[in-house]
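Take a look at the structure set out below.
No lab work stands behind these numbers, since they all come straight from the coordinates. Values in this document were obtained by computation on a predicted structure and should not be read as measured data. Positions of Cβ are backbone-derived with ideal geometry, glycine not excepted, and every protein chain shown enters the neighbour counts.
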Amino acid sequence: MSEQNCRLFKRCGGCQLRESYGEQLQWKQAKTERLLGQFAKCEKIIGMKHPYHYRNKVQHGFYTNPKRQIISGIYQSGSGKIVPCETCMLEDVQADKIIATIRILMRSFKIFPYNPMTDKGLIRHVMVRKGHHSGEYLVCIITSKSAFPSKKNFVGALLKAHPYITTVVQNVCQNPMPLTMGEQEFVLHGKGYIVDTLCGKTFRISARSFYQVNPVQTEVLYRTAVEFAGLTKNDRVLDCYCGTGTIGIIASDHCKEVIGVELNSSAAADAVKNAAQNQCTNIQFVNEDSGRFMERMAKFGESADVVFTDPPRTGSDKRFLESLAKLAPRKIVYISCGIESLERDLLLLKKLGYTVRKIQPVDMFPHTKHVETVVLLTRIGK
């Protein structure tokens, strides 16, 4: 199936580009050069050999239509509406089949979607995650309350239809917003998590942990970042916005010490587990705001040779970038998922004494307008 043939293109909103993949890459290259060409040469964007079914995380919502039929589908971009959909050209094929089976089982077991207007029904949405290299599957069923009638038989029937499912988790969420998850979880089958390999390291993936949705291009992205850093065995590395520790753990083989900083306590806890699982003894994690942590490091005369930063799409705020400049690392490797905010941040870093040396765009999300970029900056005069 090509994007031109997707009947949901205008209704769904998950894809914004319907041109051929080669034309999409040309458009993204031109956008990168238009916004970032003022700083340095933009290398040719790294695209995918097979730019379909790359999403290893699939989430579908459910509702009951006027005929009392249970419908599953994708949440429309920018709204809480569910667009009926059984297969998507971006999503893992088996994940879509698992969700279709859950919809059929809901009918059989007389379990209905949760309706926020009436506060009745049980299942809010379902999330399926796949380990790209391990082939393991995690199924998370998000419910409005903890009581799940016939859950043992329900899970048994699901496993019979899809025996490759590794673990099944129930998450209880009372937040009315779409695709949200709650704190309470019950493991219904398996260990409650799956594992996968990224750049030679093993990572635990639970229902709520952050993990990039395109594992093929994530390896390209992270290998590029570590290559740009040019690490030596004497380097002290700081990994800001470190999440579950992926970049820092991958970089730890190439340097003396890594400090990962992450504000989200759950992600920071996962990072500690991931480091232990990979037997990384030269890495530590701090549950704190990255900007404040760097301010304190600079105040007490501490330093870092290389800083990796992978902020949200909105980029970094002025305080963070000023704190980064105070710490004065020799190199900064900026991983960006928002090219407009990246342009803004690079302009400020230039004023703060840094110059851009390399720019490498990576197509992490084919058929969308998003461009992921790795940028190497060095301190002027160093």
The ³J(HN,Hα) series, computed from each phi in segment 203-215 with the Karplus coefficients 6.51, -1.76 and 1.60 at θ = phi - 60°, rounded to the nearest Hz and given as x for glycine or proline, is 10, 7, 10, 9, 4, 9, 7, 7, 8, 4, 7, 10, x
Neighbour-limited loop hits for trypsin sites (Lys or Arg not before Pro), segment 166-211 (at most 14 other Cβ within 10 Å; DSSP other than H, G, I, E, B) = Lys191
Against the rule of thumb 2.2 N^0.38 Å, how large the Cα Rg of segment 57-206 comes out | 1.01
Classify segment 109-178 as rounded, prolate or oblate, taking a ≥ b ≥ c as the square roots of the eigenvalues of its Cα gyration tensor: rounded when a/c is under 1.5, otherwise prolate if a/b is larger than b/c and oblate if not.
-> oblate
Search the structure for amide H atoms under 5 Å from the amide H of Cys6, placed 1.01 Å from N in the peptide plane, and list their residues when 5 or more places away or on another chain.
-> none
Entry for Rg/Rh (Cα atoms, Kirkwood Rh) (calculated from the structure that is shown) out of (1) 1.05; (2) 1.14; (3) 0.99 = (3)
Would you mind getting me the FRET efficiency between Glu288 and Arg68? Use the beta-carbon distance for r and R0 = 45 Å, nearest 0.05.
-> 0.30
With an 8 Å cut-off on Cα pairs and a minimum separation of 6 or more residues, tell me the relative contact order of segment 57-206 in percent.
-> 19
Which order do peptides 171-179, 301-309, 357-365 fall in by mean Cβ count within 10 Å, highest first?
-> 357-365, 301-309, 171-179
Please work out the FRET efficiency for the pair Gln38 and Lys97, using the Cβ-Cβ distance as r and a Förster radius of 56 Å; give the result to the nearest 0.05.
-> 0.75
Relative contact order of segment 327-382 (C-alpha contacts under 8 Å, at least 6 apart) in percent is 47
Antiparallel DSSP beta bridges within the chain, percent to nearest 5 = 60
Normalised contact order of the chain, rounded percent, pairs of Cα under 8 Å and 6 or more residues apart | 15
Quick one: Cα centre-to-centre distance for segment 196-220 and segment 119-151, in angstrom?
-> 20
Find, among the GluC sites (Glu not before Pro) in segment 152-255, those assigned to loop by DSSP (not H, G, I, E, B) with at most 10 other beta-carbon atoms within 10 angstrom.
-> Glu183
Give a quick list of trypsin sites (Lys or Arg not before Pro) in segment 56-159 that DSSP marks as loop, anything other than H, G, I, E or B, with at most 10 other Cβ atoms within 10 Å.
-> Lys67, Arg68, Lys110
Taking H as built 1.01 Å from N, whose amide H comes closer than 5 Å to the amide H of Ile205, not counting residues under 5 places away?
-> Ile194, Val195, Asp196
Residue-by-residue Karplus 3J(HN,Hα) for segment 32-44, coefficients 6.51, -1.76, 1.60, Hz, glycine and proline x = 4, 5, 5, 8, 10, x, 5, 9, 5, 5, 8, 5, 5
